[in-house]
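All remarks here apply to the structure that follows.
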Amino acid sequence: MFRHGYIYHDILAEVGPLNDGKVRNHRSLQLIYGVNKPYRIRLKGEWQDVRICLVDQGFDHFISGEDDWQICFFIYPDSQLGHLFKSEILKGASVSILSQDKNPSLINTEQPAVRPMSLADLRGLLETFIFVFTGRKAYPRTGLATVSVLSRLILTMTDLTLSEVARALNRNPEDLALDFKRETEMDIRTWLLHNRMIRFFDFLEKEDRIPGPADLEKIARANGISGLNGLDRLFEDFFGMPYMRWVNSEKGTVVLTESVPTFLTYR
């Protein structure tokens, strides 16, 4: 079945039948929604049928989506949204089952088709979840002077590390990191790493073929990732899954990347 990936500048999302195949554990929070019906998830050694579930970073779980679609959002714990979910929903727990209902109230279910949802529609669905379960609404951030400068700069750079970016701007790395954190509430190192993934998958989507391992290695290194081993470690570490789950040779499967950085605040 088709699986679609979505890489924003602050989150990563996946749509499709999410059958993990093994117990997973990763550094990101995971919000999983069963599109048409509940899915099965193994928590603390027991299987449960849930419709919407939030899993904290570093917590063992096993998803079995069977023959339905699920929508999964991976949220960086050092982002404002990560802090919001931890404080308003998890409240010290490792997992929160937000709904077990077949038709959870206030959520409009939409069947994903072979054609993927748009980046905007999927972001809008996440904002609906945030409002329903925390009462917070999403608003565009203002005063993003550092983000604006960095977004233009990194288009011309290969080595997206804090030290290299700071050198290009003639800035102290820690001062630059503090300014970025103040504007976005996200760690600049995480954002720069995330941008390497955006570049890698954006390049792949423009190809009219699935490159072989040797070509994938070159593409990864050209986009600031230490080869396929580095890409695999990155995906396993942050998202608990191999990158090859996204480099999918099935016709019709796509990965969409957000071109212009969008940072939101929730209040």
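General remarks:
- Taken over region 127-143, the residue count meeting the criterion of being among the small types (Gly, Ala, Ser) and within 17 Å of Asp10 (Cβ to Cβ) is 2.
- Of all the criteria given as (1) part of a strand (DSSP E or B); (2) over 15 Å from Phe238 (Cβ atoms), the one not satisfied by Glu14 is (2).
- Any chance Val260 is aliphatic (A, V, I, L, M), within 26 Å of Val149 (Cα to Cα), modelled with pLDDT under 90 and assigned to a loop (DSSP other than H, G, I, E, B): yes
- Some residue of region 29-41 being in a loop (DSSP other than H, G, I, E, B), in contact (Cβ under 8 Å) with a residue 24 or more places away in the chain and under 29 Å from Leu193 (Cα atoms): no
- Scan of region 82-96 for residues that are among the charged types (D, E, K, R) and within 19 Å of Lys137 (Cα to Cα), ordered by number: Lys86, Glu88
- Residues in region 212-230 that are open to solvent by less than 10 Å² (accessible area, probe 1.4 Å) and in contact with an Asp or Glu (Cβ under 9 Å, 6 or more places away or on another chain): Gly227 alone.
Rundown of residues vs (1) among the polar types (S, T, N, Q); (2) open to solvent by 10 Å² or more (accessible area, probe 1.4 Å), yes/no style:
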| position | (1), (2) |
| --- | --- |
| Arg24 | no, yes |
| Gly34 | no, no |
| Ile41 | no, no |
| Lys44 | no, yes |
| Gln48 | yes, yes |
| His61 | no, no |
| Ser64 | yes, yes |
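- Test for Ile198: is it under 16 Å from Asp10 (Cβ atoms), open to solvent by 10 Å² or more (accessible area, probe 1.4 Å) and not in a loop (DSSP other than H, G, I, E, B): yes
- Residue within region 74-81 that is without any contact (Cβ under 8 Å) to a residue 60 or more places away in the chain and assigned to a loop (DSSP other than H, G, I, E, B) present: yes
- A single entry from Thr158, Thr190, Thr184 fulfils the requirement of being touching a Gly at 6+ places or on another chain (Cβ under 7 Å), among the β-branched types (Val, Ile, Thr) and either open to solvent by less than 30 Å² (accessible area, probe 1.4 Å) or modelled with pLDDT under 95 (or both): Thr158.
- Residue in region 204-225 that is in contact with a Lys or Arg (Cβ under 8 Å, 6 or more places away or on another chain) and assigned to a helix (DSSP H, G or I) present: no
The values are calculated or read from the model by the stated rules, or taken from the named source; none is laboratory data. Keep in mind that what you see is a predicted model, and the values were worked out from it rather than measured. Quick reminder, even Gly has a Cβ in these numbers, built from the backbone with ideal geometry, and neighbours come from all protein chains shown. All accessible areas refer to the heavy atoms of the entire protein, side chains included, with ligands and DNA or RNA removed. Shrake-Rupley method; radii C 1.70, N 1.55, O 1.52, S 1.80 Å.
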